[in-house]
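**Q** Shown below is the structure under consideration.
Quick note: the coordinates plus some simple rules give every number you see, no bench work behind them. Since the model is a prediction, treat every value here as computed from it, not as a measurement. As a convention, Cβ positions derive from the backbone with ideal geometry for all residues, glycine included, and neighbour counts pool all protein chains shown.
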Amino acid sequence: MKAAVAIGGTNALIAVRSRSETPPGGTDDRSNLPDRQFAWNDYIPKNNIGLAKGPSHRLLLHLKYRREGVPNRTDRETVEDALRTLERGFEWSNEGLLFTIGYSPAYFDRFDTDLPPDTGLRDPSEVIDQVDIERSGNVVVETDDAHMHLTSDNPLVLLEAEAALFGDVSEINGEPVTADFSEIFKKVDRRTGFTGAPLPHESWKEDVPGDNPVTEEAPVLFGFKSLFTDSQPSEDHVAITSSDHPFCGGTTEHVSILRDDGVRKWYSEHCTEERIDRMFSPSHNSDETGQHGRKLGRQSGTSEQSMVDIAEETVKNAREHGVVGHAQKLARARNPLPPLLRRDFPSTDNGHPHTQFISLQRTIDDFIDVRKMMSFVDPENERPAASEVPIENHGIQGFFKVIRRGNYLIPPRHLRAFPSPNP
Ligand code: HEM
């Protein structure tokens, strides 16, 4: 089923159809759906610590508008119709379909007017930092117009939704497809992935040549559970909430591909305790975290110290241990809540291990601030402190490369079809 989502197309759809449960149907009544497109948490089950458990299968579509200039009214209506078709076909839930569509700075450049200055969107090139360049050389900046993130626990739903969007089926889940994107958007990229054990292990086994270092219990390729009540903010926290803002109910989205080419080294050169030092902090140990972080309770700190205290020790840990943890570095960005709502997931597209990193935040500046905490031991001086902390001890940074970066504005649902910059 996972392979079918990765391959896509009508043959995959036919193969999956005969083995899938019929998904719950949707609605054509707008009042049944939240105006925030990214309002997913209330529509999916919670895990044992009360956080929304992201659906297992993911599909990202990168879309380029086929025409020059500003979109016309007919195209806007067609986009809205196509998206409403998905809402009619599938329930807004993990068993049906949850999705967002966002628009890039390149899209808004088509217009003569600017976005309101407090919208918080920025060109993706502004996110690329010194560490990206040192590690990756050339990071590609996305120039597509729009980006969709679709998710479901049912692989059939993702394949049917994609087929409906591109005019390959005439009905979904018994609902007629009344409009599609085929004349409007070119699909310039499609990315897929999954969450939750044993999918990372199984996907590696199927897709990545050579030995499989990822165990069946690993929730992601790097092996540790992420998202705790203290490290993941609410949807409210990242939303544009000011009622006089034209995009009230919207948010910004950062989308990057991390090529996880160091995963084998992560497991072969480091024992469990060393991996815990690098993922969480040198104050954590396996008695408290367990092999995969599942022994931690609701919070990401230890029983002795909260993550905020541990975060404050980052520079000291760098000096004394020569190693710092990913989570402790990033927890320094809390103010007092963490600014990023993470919706990233692992992927083995094209036979390579990846993290499809997706975060929602009130502004892209928030992302840049958090990323600075990840790149530098001493973010004030913007020094990677390479003499104290070599890259392989600098959290998890030595184990992946950023290869593409894109930023998008996710408008509220009622403005999601080709929004103008100041609607
Ligand atoms: C290979 C990629 C990555 C993996 C496997 C990974 C995994 C993790 C894990 C296990 C944690 C600790 C548990 C938790 O609190 O959720 C964590 C925390 C966090 N990560 Fe990542 N991460 C990755 C990349 C990134 C990137 C690129 C960013 C953004 C710049 C990021 C932002 C964060 C934030 C904000 C936290 C929470 C910090 C806090 O406690 O306030 N992560 N990550």
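**Q** Over region 2-415, what number does the Rg to Rh ratio reach, with both radii from the alpha-carbon atoms and Rh per Kirkwood?
**A** 0.96
**Q** Moving on. Taking the chain, how many lysine pairs are there with alpha carbons less than 13 Å apart, if each pair must be eight or more places apart or span two chains?
**A** 7
**Q** If you build the convex hull over the alpha carbons only and average its shadow over all orientations, what do you get for region 259-360? Give it in nm² to one decimal.
**A** Taking the Cα atoms of region 259-360, their convex hull projects to 7.4 nm² on average.
**Q** Modelled label-to-label distance, E183 and D28, 7 Å Cα→beta-carbon offset: nm?
**A** Distance between the two pseudo-spin positions: 2.1 nm.
**Q** Order by neighbour count: D81, D344, D28, fewest other Cβ atoms within 10 Å first, most last.
**A** D28, D81, D344
**Q** Take the alpha-carbon centre of region 344-369, take the same for region 217-233, and report the distance between them in whole Å.
**A** Measuring centre to centre over Cα atoms gives 14 Å.
**Q** Here's another thing I want to ask about it. Calculated FRET efficiency, H414 and S234, Cβ-Cβ r, R0 22 Å, to nearest 0.05?
**A** About 0.50, to the nearest 0.05.
**Q** About the Cα centre of region 2-415, what is the dipole size in debye to 20, counting +1 per Lys and Arg Cβ and -1 per Asp and Glu Cβ, all else neutral?
**A** Dipole about the Cα centre, nearest 20: 460 debye.
**Q** Relative contact order (percent) for the chain, with alpha-carbon contacts under 8 angstrom and 6 or more residues of separation?
**A** Dividing the mean separation by the residue count of the chain yields 24 percent.
**Q** Semi-axes of region 157-302's equivalent ellipsoid from the Cα gyration tensor, sqrt of 5 times each eigenvalue, largest first, rounded to whole Å?
**A** Semi-axes, largest first: 37, 25, 14 Å.
**Q** Separate question: Provide Rg over Rh for region 13-98; use the alpha carbon set for both Rg and the Kirkwood Rh (inverse mean inverse pair distance).
**A** Rg divided by Rh gives 1.03.
**Q** Want the number for T215 to L51: 0.36 nm per residue separation, take away the alpha-carbon distance, what's left?
**A** 56.6 nm
**Q** Let me ask another. Rank by packing, highest mean first: peptides 228-238, 201-211, with packing defined as the count of other Cβ atoms within 10 Å averaged across residues.
**A** 228-238, 201-211
**Q** How long is the gain from T74 to Q130 if the chain were fully straight, where each residue apart is worth 0.36 nm and the alpha carbon distance is subtracted?
**A** 15.8 nm
**Q** Starting from 0.36 nm per residue, how many nanometres of slack lie between N138 and R19 once their C-alpha separation is accounted for?
**A** In short, 38.6 nm is gained.
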